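Colleague: Let me give you the structure first, and then I'll get to my questions.
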Amino acid sequence: MNPLRNPTPVAVIGGTSESRQLAQVLSQQGIPWLATVTTAAARGLYQDLPGQVIVTQFSPQSLEQFLRDQRIRVLVDASHPFAQQISQLAIRLTARLGIPYLRYERPHLPLQPEVRVADDWPEVLSDAVLLGRRVLLMVGIKALPLFLPWQDRCHLWARVLPRSVAQAVQLGIPCERVMGMRLPLSFEQELQLWQQLSIEVAISKDSGEAGGLGIKQEVAKTLGIPLWVIRRPPVDYPWCSEDVTQVVRECQRLLGET
């Protein structure tokens with residue numbers, strides 16, 4: 001990885017709508033930034049913004065090299081709430097290198113009383129939740145393998161991003177049961193889908209408003225269907241905020257001190 005001619009004050013672990021919002025505010029404040037994403041498609045989040053975008057999958061070695069080569073002064077982790085591995089890696093390496101770490105967390109969305117909350121995946125991988133039912137999985141591509149052994153005991157449909165459809169089929173879910181859809185969906189679109197498939201149980205991650213969790217709750221309530229929500233994995237962030245303005249102010253403070 002070739003170093004930049006000049007140091008980049010702020011690196012953003014991105015690929016989310018929050019990282020786009022953060023990059024926009026940093027640009028408005030005149031703070032140069034560099035965002036990292038894991039897919040070429042995610043570049044489009046920043047296409048009209050002045051920062052640099054790198055497509056990469058970090059290992060411990062490559063992330064350390066990146067931080068050193070680019071002479072990063074502040075790292076802002078705006079990765080997905082369920083991408084705990086990159087968050088934990090970033091926390092560990094920035095502490096070792098003496099680089100300030102900031103977490104820009106996707107805002108939590110209040111859950112309605114009817115929602116059933118699971119602390120981890122095993123709570124929904126059970127006969128009580130799945131057996132014999134028509135189940136809509138809105139859990140992302142990485143969690144789908146957990147449900148594959150259940151395909152002969154219930155009726156599974158998986159909704160994923162359009163770019164993940166082929167991968168879901170390769171994992172073993174029949175193509176006619178994989179739907180590629182880009183969020184957000186409207187209430188009417190979500191309702192129509194659940195009714196069309198005669199869904200009896202829906203399972204989602206705690207993905208906030210950006211992941212359509214508010215709409216999912218309303219549709220589940222309207223149809224009287226159980227909605228299971230998987231809690232976000234616990235990560236001990238050294239600094240964390242759900243307020244983009246607060247994150248940018250902290251960047252400004254740290255850059256002023258260094």
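Colleague: Residue 116 versus (1) at positive phi; (2) surrounded by fewer than 18 Cβ atoms within 10 Å (Cβ to Cβ): which is the lone unmet condition?
Modeller: Result: residue 116 fails condition (1) only.
Colleague: Restricting to the range 213-258, give me the number of residues that are basic (Lys, Arg) and free of Cβ contacts under 8 Å to residues at least 40 places away in the same chain. Before you say what the answer is, go through the steps one by one.
Modeller: Looking only at the range 213-258, we keep the residues that are basic (Lys, Arg), and these are 216, 221, 231-232, 249, 253.
After this cut, where a residue has to be free of Cβ contacts under 8 Å to residues at least 40 places away in the same chain as well, the list is 249, 253.
Qualifying residue count for the region: 2.
For every residue, the table says whether it meets (1) closer than 30 Å to residue 31 by Cα; (2) not hydrophobic (A, V, I, L, M, F, W, C); (3) not assigned by TED's automatic domain parsing to the domain that holds residue 138.
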site: 170; (1), (2), (3): no, yes, no
site: 187; (1), (2), (3): no, no, no
site: 200; (1), (2), (3): no, yes, no
site: 211; (1), (2), (3): yes, yes, no
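Colleague: Right, something else. Please specify each residue of the range 213-232 satisfying the condition of being assigned to a loop (DSSP other than H, G, I, E, B) and either out of contact with any Pro (no Cβ under 8 Å at 6 or more places or on another chain) or surrounded by 22 or more Cβ atoms within 10 Å (Cβ to Cβ) (or both). Can you show your working first?
Modeller: Here is the first cut: in the range 213-232, the ones assigned to a loop (DSSP other than H, G, I, E, B) are 224-226, 231-232.
Selection gives 224, 225, 226, 231.
Colleague: Kindly list the number of the only condition in (1) buried (at least 19 other Cβ atoms within 10 Å of the Cβ); (2) under 21 Å from the mean Cα position of the chain (by Cα); (3) closer than 21 Å to residue 159 by Cα; (4) not hydroxyl-bearing (Ser, Thr, Tyr) that fails for residue 105.
Modeller: (3)
Colleague: Show the residue pairs that are 6+ apart or on different chains and have beta-carbon atoms under 6 Å apart, the first residue being within the range 104-127 and part of a loop (DSSP other than H, G, I, E, B), the second being of a type in the set (Phe, Trp, Tyr).
Modeller: 124/228
Colleague: Follow-up. Just to be sure I understand the filter: pairs with C-beta atoms under 7 Å, separated by 6 or more residues or on different chains, first member in the range 185-212 and more than 21 Å from residue 141 (Cα to Cα), second member surrounded by fewer than 20 Cβ atoms within 10 Å (Cβ to Cβ) and of a type in the set (Ser, Thr, Tyr). Which pairs pass?
Modeller: 191/222
Colleague: Quick one: is residue 150 within 19 Å of residue 196 (Cα to Cα), crowded, with 16+ Cβ neighbours inside 10 Å and either outside the structural domain of residue 39 (by TED's automatic domain parsing) or touching a residue at least 40 places away in the same chain (Cβ under 8 Å) (or both)?
Modeller: Values: within 19 Å of residue 196 (Cα to Cα): no; crowded, with 16+ Cβ neighbours inside 10 Å: yes; either outside the structural domain of residue 39 (by TED's automatic domain parsing) or touching a residue at least 40 places away in the same chain (Cβ under 8 Å) (or both): yes.
Spelling it out, it is not the case that residue 150 is within 19 Å of residue 196 (Cα to Cα), crowded, with 16+ Cβ neighbours inside 10 Å and either outside the structural domain of residue 39 (by TED's automatic domain parsing) or touching a residue at least 40 places away in the same chain (Cβ under 8 Å) (or both).
Colleague: What strands (runs of 3 or more DSSP E) completely inside the range 1-92 contain at least 1 residues that are acidic (Asp, Glu) and surrounded by 15 or more Cβ atoms within 10 Å (Cβ to Cβ)? Give the derivation first.
Modeller: Numbers: elements: 10-13, 33-37, 52-55, 74-77.
Output list reads 74-77.
Colleague: For the range 143-172, give me the residue count where each residue is modelled with pLDDT under 95 and among the basic types (Lys, Arg).
Modeller: Final tally of qualifying residues: 1.
Colleague: Inside the range 192-211, can you point out the residues that are closer than 26 Å to residue 18 by Cα and either assigned to a helix (DSSP H, G or I) or among the acidic types (Asp, Glu) (or both)? Before you say what the answer is, go through the steps one by one.
Modeller: Here is the first cut: in the range 192-211, the ones closer than 26 Å to residue 18 by Cα are 202-211.
Scanning the range 192-211 gives 206, 209, 210, 211.
The values are calculated or read from the model by the stated rules, or taken from the named source; none is laboratory data. Every value quoted in this text rests on a predicted model; they were computed, and no experiment measured them. Methodologically, a virtual Cβ is constructed for each residue, glycine included, from the backbone with ideal geometry; neighbour enumeration extends over all protein chains shown.
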